[in-house]
Amino acid sequence: MKIVREQREENNSLLKVTVVEEDYGQEVEKNLRDYRRKAEIPGFRRGMVPMGVIRKMYGRGVVAEQSYRKAWEAASEYLQNEKIEILGDIIGAEEQGALDFENSTEFEYVFEVGEAPKVEIALSENDEVVYNAIKVDEKMHNDYRTNYLRRYGRLVDAEEVTSDEALSVTLDNGDMNIADAYVGLISMSEEERKPFIGQKVGFKTTVNINDLYKTPAQRAAILQVKENELEGINPEFSLEITKIRKFAEPELNEEFFKMAFPSGNVKSAEEFEKFLDEDIKSELKRESDFLFTLQMRNFLLEKAGLKMPEGFLKRWLFAINEGKFSMEDIDKEFDQFLKMYTWNFIQKHYITEDKLSVSKEEAEAEAKALAAAQFAQYGMPSAPEEMLAGYVEKLLADKQQGQKIYEKLYETKVVEDVKQKIKVVEKEISADEFAKIANEL
């Protein structure tokens, strides 16, 4: 067996591996014996087919398979022995010539390799990354307060529509008459609410249900029918408001605090307002941390200035996707792929160099936080521990979900690790300024 390495371009080379019968012959004979033992050919008893017949039927394919396997294994071993770190995987090269498996016993396989660039990032306090913290303003506090209290408030009668009230209406199109249909303005945009603002009980108008509600599920709900019954219904209805109800905040009394904070951590209006601010800051910190991670990613990508073998990576993507995507498809998404692929490569460098690790306990805690957040969205801000535990186990058992959790935690570890090596300047900015920076990234 002979291996020759040829540099094609920076971080991209060819491995020419020549194998002879001595390298793969034993495996070929073993495979042919297996074929003979299992072969069922008319005129011969099972296991008694002459080897010449087996060799004629299967020999060429077996030689191709086993000679390629030996060459690929030899190429992998060569890279390992030479301590050459590669990107992606070894793929067949475009320079591969035709091989005659019928008459020849010596074959030259040509593989292409993408070599990993060396990561050399010198960091010091002269390197600076800004951490943008969102300032909690009065509007933000009041909006959050209103949304929080909605969980414990109630609807009371109102005389006039002012913003996001709940309306009871009668709908009539001549064929159908639905009394006490529900129209929730809270789920509408300001533009969609406009026709109702300032109106009172008894107000009449004409609406098109298809315009009023965009999804079949919503239309079926207001018309009190099943989705498959919508077809054929005239969407033009007369609408009359029969009742207007608005949200009324609960009183901040002992009953409310016991219901909203059973652990007793909030017992007064003052403590409640402080709790809201802390809760907002906690939510905003997640946003700030996410933006900082993006900024740190871009900083390290620029600082590293890694030269990746782009041509190889495109060919590798094409090869591993086995024709699912054309090269044109890959070209369209390649810039974003290259950015994330390079970022993952830099993360791997710090994980290895600084011996970063994620424990099972950390993964379970992250999964629990995700589970709690999902249950809160479903209206269960305090899900039982046994329910959370079951969901955590399910999340981590799912290969894709579990991998995402570990990847996120490793990314956090890398960012925290690099933070200790540079200067981080915290800057408090408005929500609008924050959104502008986030959109640019």
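The values are calculated or read from the model by the stated rules, or taken from the named source; none is laboratory data. This structure is a prediction, so every number in the text was calculated from the model and none was measured. Virtual Cβ from ideal backbone geometry, glycine too; neighbours counted across all protein chains shown. Keep in mind that these areas ignore ligands, DNA and RNA; they rest on the heavy atoms of the full protein, side chains included. Shrake-Rupley method; radii C 1.70, N 1.55, O 1.52, S 1.80 Å.
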Would you mind telling me which numbered condition in (1) more than 27 Å from Lys200 (Cα to Cα); (2) open to solvent by 90 Å² or more (accessible area, probe 1.4 Å) Gln224 fails? (1)
Lone unmet requirement of (1) modelled with pLDDT of 95 or more; (2) within 30 Å of Ala431 (Cα to Cα); (3) of a type in the set (Lys, Arg) for Lys274: (1)
Mind listing whichever residues of segment 284-313 are more than 21 Å from Glu125 (Cα to Cα) and over 22 Å from the mean Cα position of the chain (by Cα)? Leu306, Lys307, Met308, Pro309, Glu310, Gly311, Phe312
Can you find even one residue in segment 53-71 that is open to solvent by less than 50 Å² (accessible area, probe 1.4 Å), of a type outside the set (Phe, Trp, Tyr), part of a loop (DSSP other than H, G, I, E, B) and touching a residue at least 12 places away in the same chain (Cβ under 8 Å)? no
Candidate set: segment 83-100, residues that are assigned to a loop (DSSP other than H, G, I, E, B) and under 36 Å from the mean Cα position of the chain (by Cα); chosen: the one surrounded by the fewest Cβ atoms within 10 Å (Cβ to Cβ): Lys83
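Can you tell me which residue among Thr352, Thr342 is of a type in the set (Ser, Thr, Tyr), open to solvent by 70 Å² or more (accessible area, probe 1.4 Å), in a helix (DSSP H, G or I) and closer than 30 Å to Arg315 by Cβ? Walk me through how you get there before you give the answer.
Working: Thr342 fails: open to solvent by 70 Å² or more (accessible area, probe 1.4 Å).
Exactly one residue qualifies, and that residue is Thr352.
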Condition test on Phe325, is it over 18 Å from Phe290 (Cα atoms), in contact with a Leu (Cβ under 8 Å, 6 or more places away or on another chain), of a type outside the set (Lys, Arg) and in a loop (DSSP other than H, G, I, E, B)? yes
Can you confirm whether segment 208-219 contains a residue that is farther than 18 Å from Ile244 by Cα, in a strand (DSSP E or B), open to solvent by less than 50 Å² (accessible area, probe 1.4 Å) and of a type outside the set (Asp, Glu)? yes
Selection from segment 212-235 of residues in contact (Cβ under 8 Å) with a residue 24 or more places away in the chain and within 19 Å of Lys194 (Cα to Cα) yields Leu212
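Yes or no, residue by residue, for (1) in a loop (DSSP other than H, G, I, E, B); (2) over 28 Å from Gly88 (Cα atoms); (3) free of Cβ contacts under 8 Å to residues at least 40 places away in the same chain; (4) in contact with a strand residue (DSSP E or B) (Cβ under 8 Å, 6 or more places away or on another chain):
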{"residue": "Phe334", "(1), (2), (3), (4)": "no, no, yes, no"}
{"residue": "Leu356", "(1), (2), (3), (4)": "yes, no, no, no"}
{"residue": "Ala365", "(1), (2), (3), (4)": "no, yes, yes, no"}
{"residue": "Leu370", "(1), (2), (3), (4)": "no, yes, yes, no"}
{"residue": "Gly390", "(1), (2), (3), (4)": "no, yes, yes, no"}
{"residue": "Gly402", "(1), (2), (3), (4)": "no, no, yes, no"}
{"residue": "Tyr406", "(1), (2), (3), (4)": "no, no, no, no"}
{"residue": "Lys413", "(1), (2), (3), (4)": "no, no, no, no"}
